[in-house]
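A short worksheet on the structure shown next.
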Amino acid sequence: MNIKTLQRHPLFLKFSEQDLQHLMDTAKLLFHTYKHDHILHHQNDKANHLEIILHGSIIIQRTDITGKLLTIATLKKNDIIGGHLLFCDDGQYSGDVIAKQETDCVSIDRNTILELCQKNIIFLESFLKLLSDNTQRLSQKIQETTQQTIRNQLILIFKKQYQKTNSSRITLPTNKKQLAQSIGVARTSISRQLKQMSDEQLIIVNRSQITLLSKEWIERWKSED
């Protein structure tokens with residue numbers, strides 16, 4: 001791996017070739033090439049290194065309680081893996097970390113990260129910024145996934161009630177509070193998703209009464225009877 005490639009990464013912009021060569025010679029920087037579909041880390045493995053993607057891409061996947069495979073994050077060139085886990089009491093990966101294509105990475109262990117943060121303020125600032133950016137992106141992805149899960153759960157309930165009555169006007173089996181508890185989210189999340197579907201003209205909401213407007217849903221559910 002060309003040292004100049006590493007010098008262009010935000011963490012090492014102020015490092016000389018000699019500095020980086022020394023870190024490599026002392027095994028504080030380790031280069032790896034992973035083939036497509038290689039699993040770098042399994043879900044619940046403990047993070048011991050920070051990894052920087054220099055080329056290629058990596059995905060983080062996990063299976064939810066329904067057995068559906070979810071992609072939590074897609075990471076590309078210059079992104080880091082495991083940085084937010086290194087200093088946790090129980091820093092475990094939240095999913096399988098998999099190379100989406102042939103991918104080049106450099107790994108740095110926890111002690112080296114601490115050493116560089118203490119010696120180099122620019123490295124420290126860049127490290128904290130990268131962690132913040134990654135955390136924000138992951139939070140957005142979790143929020144999107146949660147909202148999609150809520151919608152899927154609600155549509156499944158609509159389907160069951162429709163198939164019971166064979167009517168586009170259905171009644172929710174419980175109130176919104178109990179519904180939220182059964183899904184494991186806040187009541188406001190249920191109300192927000194119902195309003196969103198109403199704004200999209202998929203349903204009309206009148207308290208616990210739901211009128212289904214989506215012809216696609218109804219035609220599909222009819223064929224499943």
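Between LYS129, LYS176, the distinction of being among the basic types (Lys, Arg) and assigned by TED's automatic domain parsing to the domain that holds ARG192 belongs to LYS176 only.
Just to be sure, is LEU128 surrounded by 15 or more Cβ atoms within 10 Å (Cβ to Cβ) and either at positive phi or in a helix (DSSP H, G or I) (or both)? Here the answer is no, as LEU128 does not meet what is asked. Of the residues making up the range 1-14, those that are in contact with a Phe, Trp or Tyr (Cβ under 8 Å, 6 or more places away or on another chain) and under 21 Å from GLU125 (Cα atoms) are LEU6, GLN7, LEU11, PHE12, LYS14.
Among the numbered conditions (1) over 14 Å from the mean Cα position of the chain (by Cα); (2) not in a strand (DSSP E or B), the only one that PHE31 does not meet is (2). Residues in the range 14-34 that are surrounded by fewer than 17 Cβ atoms within 10 Å (Cβ to Cβ) and of a type in the set (Phe, Trp, Tyr): PHE31 only. Please verify whether the range 155-166 includes one or more residues that are in contact with a helix residue (DSSP H, G or I) (Cβ under 6 Å, 6 or more places away or on another chain), in a helix (DSSP H, G or I) and either hydroxyl-bearing (Ser, Thr, Tyr) or crowded, with 17+ Cβ neighbours inside 10 Å (or both). Yes.
The values are calculated or read from the model by the stated rules, or taken from the named source; none is laboratory data. Quantities reported herein were computed from a predicted structural model and do not represent experimental measurements. With ideal geometry, Cβ positions are generated from the backbone for all residues, glycine too; neighbour counts draw on all protein chains shown.
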